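Data block below; observations after.
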Amino acid sequence: AERSIRVFGKGQKIRFVGISDLLLEQLTEWSRYRPQSDSKLLFLNEKGTALTANGFYQRMRRLESWLGLKLNPHTIRRSGITSMLLEKNLPLPVVRDAAGHSDISVTNI
């Protein structure tokens, strides 16, 4: 059976994205470090409540410093989409759905 996670996108749009065995393994490992909470959200702040956009960007800056790279959510997203297309050879409609694009021409760009 295909496994998936629920993703909240722009405008609170909800979609389900399939996950690989490797990602499931990594998320299971992450859950060991996740703050204790009854929340079903995957990423939480240190208090165990929803991670805000500001909190996310603060973590992104720390990661940039740690890795010595310049990152932003858009480039990470594009890298993931490119990997799905070029390395994983997933069909364009599958990648469009995973990316949450309503128009396949956006994915094709």
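The values are calculated or read from the model by the stated rules, or taken from the named source; none is laboratory data. This structure is a prediction, so every number in the text was calculated from the model and none was measured. Ideal geometry is used to build each Cβ from the backbone, glycine not excepted, and the neighbour counts take in all protein chains shown. Ligands, DNA and RNA are excluded from the accessible area calculation, which covers all protein heavy atoms including side chains. Shrake-Rupley method; radii C 1.70, N 1.55, O 1.52, S 1.80 Å.
Before moving on, here are some points about what is shown:
- For region 11-50, the list of GluC sites (Glu not before Pro) that fall in a loop by DSSP and count at most 15 other C-beta atoms within 10 angstrom reads 46.
- Using a Förster distance of 35 Å, the FRET efficiency for residue 33-residue 102 (Cβ separation, nearest 0.05): 0.50
- Accessible area expressed per residue, the chain, with surrounding protein chains retained (probe 1.4 Å, Å²): 80 Å²
- On Cα atoms only, tilt of 21-31 relative to the major axis of the chain in degrees: 20 degrees
- Between region 1-16 and region 56-85, the Cα center-to-center distance that results, in Å: 20 Å
- Degrees between helix 73-86 axis and first principal axis of the chain (Cα, 0 to 90, nearest 10): 40 degrees
- For the chain, built as a Gaussian network whose Cα springs stay under 10 Å, the top-fluctuating residue of 78, 32, 61: 32
- The simple spin-label model puts a point 7 Å past each Cα toward its Cβ; for residue 51 and residue 8 those points are separated by 1.3 nm.
- Three-way shape call for region 1-60 based on the alpha-carbon gyration tensor, with the a/c threshold at 1.5: oblate
- Cα-centre dipole for the chain with unit charges at Cβ (Lys and Arg positive, Asp and Glu negative), debye to 20: 380 debye
- FRET efficiency, residue 83 to residue 63 (Cβ-Cβ, R0 25 Å, nearest 0.05): 0.85
- Local electrostatic count, residue 35, Cβ distance below 14 Å [Lys/Arg +1, Asp/Glu -1]: +3
- Between 0 and 90°, nearest 10: helix 53-67 axis offset from the chain longest Cα axis: 90 degrees
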